[in-house]
There are 2 protein chains.
Amino acid sequence: MVAPPPTSATILGGVQLQRPTTAQRVAELLRERIVQGELSSGTQCAELQLSTALGVSRNTLREAFQILVGEHLLVHEPHRGVFVRRLDVDDVRDIYTFRRLVECAALAHPASARGLAEMRAAVAQGMDAAAREAWHEVGTADVRFHVGVTAVAGSERLDQAMRGLFAELRLAFALVPDAHELHRPFLDLNAEILELAERGQADRASLLLRRYLDDAEARIVAAVQGPSS
Amino acid sequence: MVAPPPTSATILGGVQLQRPTTAQRVAELLRERIVQGELSSGTQCAELQLSTALGVSRNTLREAFQILVGEHLLVHEPHRGVFVRRLDVDDVRDIYTFRRLVECAALAHPASARGLAEMRAAVAQGMDAAAREAWHEVGTADVRFHVGVTAVAGSERLDQAMRGLFAELRLAFALVPDAHELHRPFLDLNAEILELAERGQADRASLLLRRYLDDAEARIVAAVQGPSS
DNA sequence: ACCGTAGGACTTGTTCAACAATCCCACAAG
DNA sequence: CTTGTGGGATTGTTGAACAAGTCCTACGGT
């Protein structure tokens, strides 16, 4: 087995510098608006209105829609339009079933040190943000922590799937009143999980994580079915 | 836990009857061509050529492209075109890292009987197909078996992610000479895994499955780096 | 009051033609 | 052998147009 000749990609560390296409930029902008809750669940995205507002053609906008539909952030109802996805209780349960399986398994069989480093960085960021009472950033750090947990498994595709899941979850976060209250109690728990994981106590870390997930799921389920129950 | 009220979706079994849009049908057609290997890895999909061949406009075709790019079956290089994705060794390893984590964890903590039923049906189909020497169908049954394993976890999103992963994997299957030889030895193993799972011997089933995955990964990695080594 | 229904306004689905931006290749110059 | 430099082909993006479908409303029958 001979060493492969160094390509420009390996030299440059695999970074790809390609200006995003208009559709990608539009998708990115809409994605941001959606996960930030500025476009709330169920909102219709009218083509003519949005395309003129963004200064792009309908065709380009429709390409952007396809991207976001593929990410489950928008739903497409033929001849009716595209809408910001609305999560129901089953969706939240489904997402947490996914997270429980993947995150707990990742912690139980650690394979990548990069994931641990991410977890460490996320805990630090969360502590710091809490000290400054920057609650929104605390939430960001919490998400980062769990993406880090997933990264412990060492699969790029798994990481990406998890990032997609979190984007979906934010649709539900928006329904939780006092979103900072959602993440605040988990700061210490994350730190504890990290410490166990670093000491090689994989099983205890995994168990603690499961408790976290059960708790978070219950909170969000309650928020989603909210006043209706 | 009370039973949820039956919605129209549950009554109708969740089937949604909406004629697919043209872009969706084009995407489906191309997806089929790709996973069947009729469009081999690296092939460029020229817009003008394809759109005239399919009798659709370039704009519609580009919407279809966005769908398939989102499924990682096509890659888009701005101003150069879209190409059928080419999997390298790292991709295969990444996919199998994903599968190991998810499938083994699913078997270890069974949560859905529907998954077991799928596994059973897949084993039966595989045996039957092998008896008829229908090797292609044996491969289909093998894939079905492992989607069934994933379904044991009980998350719709996880199932979908796994189906997407298998679509990608077929890009690599096409590189394996004698694809039926790839699946043939696993018929009995699948049956054995199923039996262990049904008897509640989750750990042993999970262990056996891990051996399967390691073996399959090695074969495909060898095929992908193939003649170059 | 309660359907059905027939319009009509509006939105989405799809195509087409055009132009701008970019890539690719062949060829010439150093 | 490397480095410009066209020019041709492909992709990126737009605007207009029409077909197809949905939603709303008013009308008529019962």
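A few comments on the model shown:
- For region A:29-44, putting each phi into the Karplus relation 6.51 cos²θ - 1.76 cosθ + 1.60 with θ = phi - 60° gives couplings of 4, 5, 4, 4, 4, 6, 5, 7, x, 6, 10, 7, 3, x, 4, 7 Hz, in residue order, rounded to whole numbers and with x for Gly and Pro.
- Linear extension gain, A:Glu77 paired with A:Arg219, 0.36 nm per residue minus alpha-carbon span: 48.1 nm
- Approximate spin-label separation A:Asp178-A:Asp203, in nm, with each point projected 7 Å along Cα-to-Cβ: 3.8 nm
- Taking other Cβ atoms within 10 Å as a rough exposure proxy, B:Asp90, A:Asp88 sort from fewest to most as B:Asp90, A:Asp88.
- Residues in region B:193-203 carry Karplus couplings, in order, of 4, 4, 4, 4, 5, 5, 7, x, 8, 4, 5 Hz; the curve used is 6.51 cos²θ - 1.76 cosθ + 1.60 with θ = phi - 60°, and Gly or Pro positions show x.
- Relative contact order computed over region A:20-84 (Cα-Cα under 8 Å; 6+ residues apart), in percent: 42 percent
- Applying Stokes-Einstein at 4 °C and 1.567 mPa s to the Kirkwood radius of region A:20-84, computed over alpha-carbon pairs, gives a translational diffusion coefficient of 112 µm² s⁻¹.
- Order of A:His146, B:His79, B:His72 - criterion: other Cβ atoms within 10 Å of each residue's Cβ, fewest first: B:His79, B:His72, A:His146
- Given charges at beta-carbon only (K, R positive; D, E negative), |dipole| of region A:20-84 in Debye: 120 debye
- Under Karplus coefficients 6.51, -1.76 and 1.60, residue-wise ³J(HN,Hα) of region B:132-145 in Hz, glycine/proline x: 8, 6, 8, 5, 4, 5, 4, x, 4, 5, 5, 4, 4, 4
- All distinct Cα pairs of region A:74-120 go into the 1/r average, and the inverse of that average, the Kirkwood radius, is 13.6 Å.
- Largest to smallest principal axis extent of the C-alpha atoms in the protein assembly as shown, angstrom: 63, 57, 56
- FRET efficiency estimate (nearest 0.05) - Cβ-Cβ, B:Ala53 to A:Asp128, R0 45 angstrom: 0.20
- Charged-residue dipole, Cβ positions (Lys, Arg, Asp, Glu), chain B about Cα centre, Debye nearest 20: 540 debye
- Listing A:His136, B:His183 from fewest to most neighbouring C-beta atoms within 10 Å gives A:His136, B:His183.
- Out of every Cα-Cα pair that region B:89-228 contains, those further apart than 17 angstrom amount to 57 percent.
Throughout, read-outs are computed from the coordinates displayed, never taken from laboratory work. All figures in this text were calculated on a predicted structure; none of them were measured in a lab. Every residue, glycine among them, receives a Cβ derived from its backbone with ideal geometry; neighbour counts consider all protein chains shown.
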